[in-house]
Amino acid sequence: MTMVIASRHILFFSLLLLAPLVVVSHVWPISTYRHVYIRNDLGNDTLLTVHCKDKNNDLGVQKLKYTEEFKFQFKPNVLGETLYFCGLTWDGKLNWLVAFEQNRDIYFCKDLKWSILKNVACLFNCDTQNDDTCINYTH
């Protein structure tokens with residue numbers, strides 16, 4: 001009987017010690033700064049104009065030469081509503097990119113590194129070390 005009670009106490013205290021780790025593993029993406037990089041990979045002599053914002057912050061207009069990048073950082077909203085979108089203009093044509101959407105990106109890499117190409121925007125994957133997630137622009 002004493003052995004059963006001791007086993008229950010050990011199990012109970014083990015669970016008490018593990019519970020904070022589970023909570024922290026789900027909270028860390030929200031409580032830490034996220035970084036978004038927008039890089040001009042359109043080719044030589046193509047200037048990229050970038051204008052990113054969310055519902056409360058306008059990050060201004062940036063003009064990027066080939067291989068230059070624009071970086072911004074923020075802490076995601078605890079309510080899960082963080083959304084940054086960018087207007088991307090080159091050769092007189094406006095394209096739209098959702099640079100960070102909390103539901104889509106919260107457990108992805110801490111740094112979101114976008115490579116802006118003529119037909120798609122590709123996101124660097126920190127796990128595979130490749131630009132293996134490419135999406136079409138919206139117009």
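Bear in mind these aren't lab numbers, they're just calculated from the coordinates by the rules spelled out. Keep in mind that what you see is a predicted model, and the values were worked out from it rather than measured. Methodologically, a virtual Cβ is constructed for each residue, glycine included, from the backbone with ideal geometry; neighbour enumeration extends over all protein chains shown.
So here's what we get for this one:
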{"item": "Phi to ³J(HN,Hα) by Karplus 6.51 cos²θ - 1.76 cosθ + 1.60 over segment 37-47, Hz, x for Gly, Pro", "result": "10, 10, 10, 7, 10, 7, x, 3, 6, 10, 7"}
{"item": "Cut-off under 5 Å, modelled amide H: who pairs with residue 46 long-range", "result": "66"}
{"item": "Cα-projected label distance for residue 129 with residue 79, points at 7 Å along beta-carbon direction, nm", "result": "4.1 nm"}
{"item": "Compactness of segment 32-136 - radius of gyration and Dmax, Cα, Å", "result": "13.2, 42"}
{"item": "Residues whose placed amide H lies under 5 Å from that of residue 82, excluding near-sequence neighbours", "result": "77, 102"}
{"item": "Segment residue 119-residue 136, length gained on full extension (0.36 nm per residue, minus Cα span)", "result": "5.5 nm"}
{"item": "Under-5 Å amide H pairs with residue 137, H placed in peptide plane, nonlocal only", "result": "121"}
